[in-house]
Amino acid sequence: MYYVEVLSISMEGKKLPIDPVEFQLRSDFKGGFAIDTGSALTYLVQNAYNIVRVEIVKYLQAYNWNPTVHSELPYDLCYDVIPIENQQFPSLTIHFLGANLDQLGSHRVFQLFYDDTFCMFILPTSQQGTNILGAFQQADYRFLFDVGTG
């Protein structure tokens, strides 16, 4: 796990109103934002997750898509839809200090589970926990870390 400085998250080019404090490592060495290839999914602290979730739900309501509950799946936000032309899940961008992880599109934010069930591959973690960029969202990207200077 490697800690990085995240400044914000945007959806479809619009910066989400997440307080940057949600991504900062605290003086007790808890919290922060880490890149972790050992974690399959991305986790956001509850406050940040709630904002991302609300914005995605609002975005998809334009297509008259409403969230569904699938108690057999461990995911919080699912949709029973078959997207047609001009309908798509929103893309997210994570803004790091000095770099952006651009266009985490539908294939990096949502995963198909059944013939018509898509679930968001981002989950909440405790407010005191660490935000994690998981392996699923890292796939097909190359990350370089300057471990010498941190």
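Observations
- Coupling constants for region 28-34 follow from the phi torsions by the Karplus curve (6.51 cos²θ - 1.76 cosθ + 1.60, θ = phi - 60°), and in residue order they are 8, 6, 10, x, x, 9, 10 Hz; glycine and proline get x.
- Length-normalised contact order for region 20-150 - Cα pairs under 8 Å, 6+ apart - percent: 39 percent
- Angle between the chain longest axis and helix 46-61 axis [Cα atoms, degrees, rounded to 10]: 30 degrees
- Cα centroids of region 92-150 and region 1-68: 9 Å apart.
- Normalising the average separation of contacting C-alpha pairs (under 8 angstrom, six or more residues apart) by the number of residues puts the relative contact order of region 1-93 at 30 percent.
- Gyration tensor (alpha-carbon) shape descriptor, region 1-52, a/c threshold 1.5: oblate
- Whole-percent carbon and sulfur share, accessible surface of region 8-150, 1.4 Å: 52 percent
- Region 108-116 - phi-based ³J(HN,Hα) in whole Hz, Karplus 6.51/-1.76/1.60, Gly and Pro as x: 10, 9, 10, 10, 7, 10, 10, 4, 9
- A dipole drawn for the chain from +1 and -1 charges on Cβ atoms has a positive end, and of Leu104, Pro20, Ile84 the residue lying farthest that way is Pro20.
- Working note: Karplus 6.51/-1.76/1.60 with θ = phi - 60° gives region 69-75 the couplings 9, 10, 5, 7, 10, x, 9 Hz, where Gly and Pro are set to x.
- 9 Å beta-carbon shell around Thr130, net charge (K/R +1, D/E -1): 0
- Probe 1.4 Å, all protein chains present, accessible-area order of Phe110, Phe136, largest first: Phe136, Phe110
- Area of Tyr43 that stays accessible when all protein chains are in place (1.4 Å probe, Å², to 10): 70 Å²
- The amide H of Val45, built 1.01 Å from its N in the peptide plane, has Thr125, Asn131 as neighbours under 5 Å, considering only residues 5 or more places off or on other chains.
- Dipole in debye (nearest 20) - the chain, about Cα centre, beta carbon charges: Lys, Arg +1; Asp, Glu -1: 340 debye
- Cα gyration tensor shape of the chain, rounded if a/c is under 1.5, else prolate or oblate by comparing a/b with b/c: prolate
The values are calculated or read from the model by the stated rules, or taken from the named source; none is laboratory data. Note that the structure is a prediction, hence the values are computed from the model and not measured. Glycine gets a Cβ as well: all are built from the backbone with ideal geometry, and neighbour counts include every protein chain shown. Please note that ligands, DNA and RNA were not included when accessible areas were found on the heavy atoms of the full protein model with its side chains. Shrake-Rupley method; radii C 1.70, N 1.55, O 1.52, S 1.80 Å.
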